[in-house]
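The values are calculated or read from the model by the stated rules, or taken from the named source; none is laboratory data. Just so it is clear, the structure is predicted and the values come from calculations on it, not from any experiment. Here the Cβ is made from the backbone with ideal geometry for all residues, glycine too, and neighbour counts use every protein chain on show.
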Amino acid sequence: MRDPYDIFISYSQKDGEIAASLASRFDDAGLKCFLADKSILAAAEWDTVLRDAIRGANRILVLLTPRSKDSLWVAAEIGAAWVLGKPLIPALMFVEPQDLLEPVRKYQTRSVETPQQIDALVREIKESSFESLSLTRGIGTTRSIRRGAFSTPAALQESFTSPAGWRQLLKVGEWKFDAVRNEFVGEGMYRYVLSHHTYGPEPFTIDCRLTFLDLKPEGTVNAVNAGIVLGWSTPAVAPQYFHLAFSGEQLFFEQVGSRGLDEYLDFEHLGPGIPFRLEVGVPYELSVRVAADRLRVSCNGREIFDTGIQPDSIVGRVGLRPWRSTLGCQRFEVRTEG
């Protein structure tokens, strides 16, 4: 039987990016989270998985926003937590306690609108027992919470395209995984698939095979802007990361979210790009090596991009975003140097 989850996160699919950012923060603190986008495999009976996860979770955190406070599905998960006597934590973002359903108003709420409030909640859940949290009127038994921040082993390999590896990934938005062919597909803006582990500042390498199944450039720059995510972290609700981006005509390196704003607006190109024309249906064999102060990219065995980076600046999860494309991945492997 699988170990119980420390936290089951209940949320609306419209808040998927916010929920994934919260899950990332808890995961980095050593707390095991159930997040539907991360934890349910394609083709699984998701209603059964949800019931089992709620039943086995130590506590239920409900992300309540203007989009989710009236969600019938979120209300059903709250009801399941109440029936099972689970500790319930209403996490509020831009809603008031008086706007909530009557059963939820009986619980002590927590605000998660600022990085400081999120940090406080993470510390509270990590360091406190259920009894001291005063978040439930019932008495339950739990296993002890794991202590210590997550750390990357000295030598590590992680595969996104194995069924076991896929199960561990942090996924924002809908992704389709083919367990027979060991590949996955995602499309659209604000969609991410991210590593289970964190990488950096020690050197690491990503080897992947990507195929762009459709390109959907739009806007004044007429760009696709899909690519490889490096150093994903969530010091605030908005994620921060570096991005090796394919515009459709160029390959360039950028920093996203440094001002804590939405990534659609908050990005900065770090130096000039290089010509790189994407073609639909053509597989690209890419190798990305990140060292302390250097990033190098090879395509089909030939080095094509080399740029300096701020020393030890890339630390966090790695992964992919399709943005304005339909992106297929037949291989994505990350390894550190032990």
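Checking the stated criteria, SER325 turns out to be assigned to a strand (DSSP E or B), under 25 Å from the mean Cα position of the chain (by Cα), not assigned by TED's automatic domain parsing to the domain that holds ALA20 and not hydrophobic (A, V, I, L, M, F, W, C).
For the stretch 296-322, filtered to residues that are of a type in the set (S, T, N, Q) and part of a loop (DSSP other than H, G, I, E, B), the residue that is modelled with the highest pLDDT is ASN300.
The set of residues from the stretch 166-197 being among the polar types (S, T, N, Q) and in contact with a Lys or Arg (Cβ under 6 Å, 6 or more places away or on another chain) comprises just one member, SER195. Scanning the stretch 80-101 for residues that are aliphatic (A, V, I, L, M), modelled with pLDDT of 90 or more and over 17 Å from PRO4 (Cβ atoms) turns up ALA91, LEU92. Looking only at residues in the stretch 1-21 that are closer than 14 Å to LEU63 by Cα and at pLDDT 85 or above, the one that is surrounded by the fewest Cβ atoms within 10 Å (Cβ to Cβ) is SER12.
Right, ARG335: of a type in the set (Lys, Arg), within 23 Å of HIS196 (Cβ to Cβ) and touching a helix residue (DSSP H, G or I) at 6+ places or on another chain (Cβ under 8 Å) or not? Judged against the criteria, ARG335 is not a match. Looking across the stretch 220-237, the residues that are at pLDDT 85 or above and either of a type in the set (S, T, N, Q) or on the phi < 0 side of the Ramachandran plot (or both) come down to ALA223, VAL224, ASN225, ALA226, ILE228, VAL229, LEU230, TRP232. For beta carbons closer than 6 Å, sequence separation of 6+ or different chains, a first residue in the stretch 105-134 that is modelled with pLDDT under 80 and a second that is of a type in the set (Val, Ile, Thr), the qualifying pairs are PHE130/THR142. Looking for something at positive phi and in contact with a strand residue (DSSP E or B) (Cβ under 7 Å, 6 or more places away or on another chain) - is there at least one such residue anywhere in the stretch 305-317? So far as the stretch 305-317 goes, yes, one or more of its residues are at positive phi and in contact with a strand residue (DSSP E or B) (Cβ under 7 Å, 6 or more places away or on another chain). Looking at ARG209, ARG296, ARG277, just one residue is free of Cβ contacts under 8 Å to residues at least 12 places away in the same chain and surrounded by fewer than 17 Cβ atoms within 10 Å (Cβ to Cβ), and that residue is ARG296.
Among the residues making up the stretch 238-267, those that are of a type in the set (D, E, K, R) and at pLDDT 90 or above are GLU249, GLU254. State all residues of the stretch 79-104 that are hydrophobic (A, V, I, L, M, F, W, C), in contact (Cβ under 8 Å) with a residue 24 or more places away in the chain and closer than 15 Å to SER10 by Cβ; if no residue qualifies, say none. Across the stretch 79-104, the qualifying residues are ALA80, ALA81, LEU84, LEU88, ILE89, ALA91, LEU92, MET93, VAL95, LEU100, LEU101, VAL104. Inside the stretch 318-338, residues that are buried (at least 20 other Cβ atoms within 10 Å of the Cβ) and either out of contact with any Phe, Trp or Tyr (no Cβ under 9 Å at 6 or more places or on another chain) or under 14 Å from GLY227 (Cα atoms) (or both) make up a count of 12.
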